[in-house]
């Protein structure tokens, strides 16, 4: 392990396979380009198929012949809490690394990394409450239902919050008794190697965990690997379709957490001043590079101009720039291709007749870095591409509605169903509205992402749930043992 000249971001020379640092099978490297400076700041090994084979073989041995699946919930929880402690020690370096390699403002990065140890501790407690078996009886018989770990898990995580995403998958999988091979994304892998150091320091059994970053081809090889029993994938809906196709060929278990185009309904009686901080943070926080971002704001006709003006003023006041500056609210997008994608959508919005209220271009004061101004569109119809497709950038649209029934219809008129929000002076009324929205999570008078309890989507936002007891259940198989004469 070396230190890149001129930066505080560490490079790594080895892969973390089966709980040990080993030489990669190829000389290929992932060069980490900072979206802030557009310069190479570090590099890590790029895993090849042979490295996936080694990691899967280690995980297979750890599951089939190792002690982990047979440990009690209390014993597994103890080691998981140790992982949480080790992650906590490394949060300052993780925050700096993630901000440098992905461009997230410090406050966003801090929040994401504080989520990780909380997830490990949450799952350590939950596994103690989930019975491994229970007795059943039925007319003419009886027996026991046994819950067993699914086996070797292949976890594929995106770049927009890799340590939290790995924790959201690995912690419940280990709690259930599985072994795990993680394939981080090409962008932003360095922070996952810091997580590997935490896993190593915690002293998990040999073979149980591996972290092997690589490109799409390596990810597809892991998805199709016959030694892997379940795939847990977070990423775009397009990539999720391919994961599902490959899993279908061998009937592998799969959980998919995919894209979103979530709606925030502002009711006639809503306190707009109270709603604005939630709307802004949940729409363009992390430069809008969040699957659960609230990117469609539904405003009543009677308050449309008021809401557009208030949102425009709030977005226009956000500071765009160096994410290491504590006063910065909006950092760069992760890559040049991502900026191009966002700019293409802004162009499509203009061509469709939508009105740019604020933003719509690159910040004039920044001569390098992949920045796009927070952008608000008004006069938008829900049939426009900017209202239907996931942009994954700091772009927000305001849609008018007449009556709450139309608002619900617009919110549900989407291929996605990941998150959402309702703002109203009457929380009970807000919950009634929320129950009508076809989405995996929805908030009343707030916004965010809850990973302590079930998180996942309806429709093309995915399959299955992560977080909570349901998240652990996703890594368990159910077996009925019927007892003769019972």
Tell me, which strands (runs of 3 or more DSSP E) wholly within the stretch 94-168 include 1 or more residues that are more than 17 Å from residue 32 (Cβ to Cβ), within 18 Å of the chain's Cα centre (by Cα) and in contact (Cβ under 8 Å) with a residue 60 or more places away in the chain?
-> 152-156
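For the condition over 23 Å from residue 448 (Cα atoms), surrounded by fewer than 24 Cβ atoms within 10 Å (Cβ to Cβ) and modelled with pLDDT of 95 or more, what is the one hit in 100, 202?
Of the residues listed, the single one that is over 23 Å from residue 448 (Cα atoms), surrounded by fewer than 24 Cβ atoms within 10 Å (Cβ to Cβ) and modelled with pLDDT of 95 or more is 202.
Can you tell me which residues in the stretch 239-271 are in a loop (DSSP other than H, G, I, E, B) and over 20 Å from the mean Cα position of the chain (by Cα)? Talk me through it step by step, then tell me what you get.
Within the stretch 239-271, the subset in a loop (DSSP other than H, G, I, E, B) is 250-252, 258-261, 267-271.
Within the stretch 239-271, 250, 251, 252, 267, 268, 269, 270, 271 qualify.
The values are calculated or read from the model by the stated rules, or taken from the named source; none is laboratory data. Note that this is a predicted model, so its numbers are computed, not measured. Every residue, glycine as well, gets a Cβ built from its backbone with ideal geometry; the counts of neighbours run over all protein chains shown.
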